Every structure is written in C-alpha cells, then in structure tokens.
Amino acid sequence: MRIALIDCGTNTFNLLIVELNNDKSFETIFSTSVSVKLGDTTINKGYISADSFQRGIKTLNDFRENINKFQVQKILAYATSAIRDAKNKEDFINKVYLSTQIHLEVIDGNRESDLIYKGVKAALSLKKSNSLIMDIGGGSIEFILANIHGVLWKQSFSIGVARLNQKFIHSDPIKLNEIKLIYNYLNQELLPLFEAVKKFPPIELIGSSGVFESIIELIHFEFNGDKLVDSKNEYHINFDLFINIFKIILNSTLDQRAKLKGLINMRIDTIVISCLMIDFILNSFSLKCIRMTTFSLKEGALFELMEKNSN
C-alpha cells in the first residue's frame with residue numbers, strides 16, 4: 001500500500017510518500033518540505049492572513065499533484081498549531097478539501113505530542129533513564145518526558161518560534177534585553193515542565209527534526225561534524241559545538257545568517273529564537289547530552305498506522 005503523510009505546521013508543510021511492504025517495513029518514495037509560514041505576521045492575532053492562506057492552498061495543490069503522480073492509496077493529513085488556533089480555520093479546511101480532496105485533521109497538542117513521541121521512538125532507542133524530547137514548531141513546542149518503558153509526561157505549549165519571534169525580536173542582531181525578556185517569558189510559560197522535570201529528571205535532551213537538523217548541518221559545515229544523510233535517523237550533537245553555533249547565530253544579522261552554509265532559507269529568521277529555546281532548556285535542567293532524530297510527527301503517524309495494520 002502506498003501512503004501519503006502530510007504535516008501542516010505553522011512554518012512548514014511536509015509531505016512524505018511511502019510504500020508499505022508486507023514484512024512491515026517501508027520504502028520512502030518521495031519527500032518534500034515547503035516553507036508556507038502560515039502564521040506569518042498574524043499568528044498572535046489568531047487568524048491566517050490572506051497571503052498565508054493562499055500559500056497554504058497552493059502548497060497542498062502541489063502536494064496533490066505528487067500524490068496523484070505516485071498513485072497514493074491512502075492520505076493522512078494533520079493540521080497543527082496555526083490552523084487549530086485560527087478563527088478562520090474552517091474556511092481554510094473547507095477550501096483545502098474543495099481544491100484538493102484532502103481532508104485535514106486538526107489535532108490538539110496532546111495528539112501532536114503522541115505522534116511526535118511515536119516518531120522519535122521509532123527512530124532511536126530510549127533508555128532506562130529519562131529523556132526530555134523537544135519538538136520546536138512555529139506555533140507550539142511539544143515536550144515529552146519518556147524512557148524505555150513509555151511516556152511519563154507530555155505537554156504542548158503555544159510558544160512556538162513564529163509566536164515568540166513576532167512578540168519579542170525587533171532588533172537585528174537580537175539585543176540583550178530581548179534575550180532577557182524571552183528567558184523570563186519561558187520561565188513563566190514552562191512552569192508545568194519545571195514541575196514535571198522535578199518528578200522525572202532527564203539525563204539528556206532529544207530534539208525532533210526541524211531546527212535540530214539545521215544545527216547538525218551548521219556543525220558539519222563550520223566544524224566538520226556529521227552530515228545529514230537519508231540513510232541515518234539519529235545523530236549526537238556535541239554540547240560544546242552547539243554552544244559555538246549558538247554564539248555564531250546569536251551575534252549574526254539576518255544577512256549574515258543567509259550566507260551560513262547548512263542553514264536553509266526557511267529557518268534564517270527563526271533560528272535565533274530556536275537556539276535560545278534550546279539553550280534555555282539545556283541550562284535550566286543542566287543537560288549536556290543531546291541527541292536528535294530526523295523523525296517527527298509524520299513518521300509517528302506512519303508507525304502508528306503500521307502498528308494498527310499488524311494487529
């Protein structure tokens with residue numbers, strides 16, 4: 001069976017097409033990520049702007065063309081933070097269906113966390129000790145505390161990079177007072193995470209795709225670290241090299257970041273806030289072990305489907 005998995009995130013729309021084999025394995029047929037920036041300028045106002053609306057529809061029409069081209073038999077399409085919080089979400093969902101015959105399932109933060117966990121679990125081995133999984137999105141961030149036995153705690157926070165970028169960053173490069181405001185804000189917004197970490201202290205941070213892929217690429221080009229390859233789903237991020245990348249990003253202008261090898265265009269404007277969030281988590285919980293996986297929500301949905309089909 002050929003399956004298409006679509007993740008309509010706040011900044012990026014992702015399409016993964018796979019062939020499911022009889023031996024419960026799968027083969028990737030096609031994969032793409034498109035910078036849609038659905039929350040561009042209006043995410044904190046709670047609606048999808050006209051321009052963002054049209055970008056989203058166009059991207060899903062392009063996805064439909066590839067779905068038809070590769071003769072997909074089943075489509076699973078999920079909409080997350082920007083769409084679920086938008087006042088005009090029903091207009092968008094209806095327009096998508098009329099235009100593409102793709103039914104978007106709007107999922108809440110709890111369901112989003114579940115799928116992210118399933119994707120991470122499929123990509124790497126969790127340990128007997130606790131890990132803190134972090135998925136940085138444009139509209140929300142998901143945190144999951146888990147170990148080899150399963151999920152201990154999870155929560156989605158509506159403090160994604162698009163929201164915080166629009167709320168706090170007004171300088172280029174970012175100013176010290178803006179950083180302080182962001183860290184103070186995170187201290188308040190993430191109080192439930194602090195309580196959970198007291199109960200289930202982690203020994204490592206696991207990053208789920210997205211910006212963590214860019215960090216791997218930046219380390220590769222700046223310090224000759226591992227390169228992202230399709231055949232590998234798990235990477236270790238050297239703590240000291242992350243700090244070096246963090247300093248480069250923090251002191252850079254938008255134009256300077258545009259010239260950094262390994263930093264794709266869609267993350268040039270959000271990499272600063274993303275790195276600040278990672279630094280905040282590492283410092284807050286004294287973590288120096290960092291792993292990451294290229295798997296996330298769409299892979300989690302795939303493995304969930306495969307598990308259902310095997311039962």
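Summary of computed values
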| read-out | value |
| --- | --- |
| Test: Ile102 is more than 28 Å from Val272 (Cα to Cα) and at pLDDT 95 or above | yes |
| Of residues in region 211-236 being in contact (Cβ under 8 Å) with a residue 24 or more places away in the chain and among the aromatic types (Phe, Trp, Tyr), the one surrounded by the fewest Cβ atoms within 10 Å (Cβ to Cβ) | Phe221 |
| Some residue of region 64-83 being outside the structural domain of Lys167 (by TED's automatic domain parsing), at pLDDT below 95 and surrounded by 13 or more Cβ atoms within 10 Å (Cβ to Cβ) | yes |
| Near pairs, Cβ below 6 angstrom, 6+ apart or cross-chain, from region 109-129 (closer than 18 Å to His236 by Cβ) to any residue that is of a type in the set (S, T, N, Q) and surrounded by fewer than 21 Cβ atoms within 10 Å (Cβ to Cβ) | Ala123/Asn233; Leu126/Asn147 |
| Tally of residues being without any contact (Cβ under 8 Å) to a residue 40 or more places away in the chain and either in contact with an Asp or Glu (Cβ under 7 Å, 6 or more places away or on another chain) or not basic (Lys, Arg) (or both) across region 257-269 | 2 |
| Unique match (being on the phi < 0 side of the Ramachandran plot and out of contact with any strand residue (DSSP E or B) (no Cβ under 8 Å at 6 or more places or on another chain)) among Leu218, Leu190, Leu205 | Leu218 |
| Residue satisfying condition, being touching a helix residue (DSSP H, G or I) at 6+ places or on another chain (Cβ under 9 Å), hydroxyl-bearing (Ser, Thr, Tyr) and either at positive phi or modelled with pLDDT of 95 or more (or both), within set Ser156, Ser129, Ser113 | Ser156 |
| Elements of type helices (runs of 4 or more DSSP H) in region 194-311, at least 2 residues being not assigned by TED's automatic domain parsing to the domain that holds Pro173 | 297-310 |
| Boolean, Gly138 is buried (at least 19 other Cβ atoms within 10 Å of the Cβ) and either in a loop (DSSP other than H, G, I, E, B) or in the same structural domain as Cys8 (by TED's automatic domain parsing) (or both) | yes |
| Qualifying residue in region 237-258 (condition: over 19 Å from Leu186 (Cα atoms), modelled with pLDDT under 95 and buried (at least 17 other Cβ atoms within 10 Å of the Cβ)) | no |
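The values are calculated or read from the model by the stated rules, or taken from the named source; none is laboratory data. What you see is a predicted model, and the numbers here were worked out from it, not measured in a lab. Cβ atoms come from the backbone with ideal geometry, glycine included; neighbour counts cover every protein chain shown.
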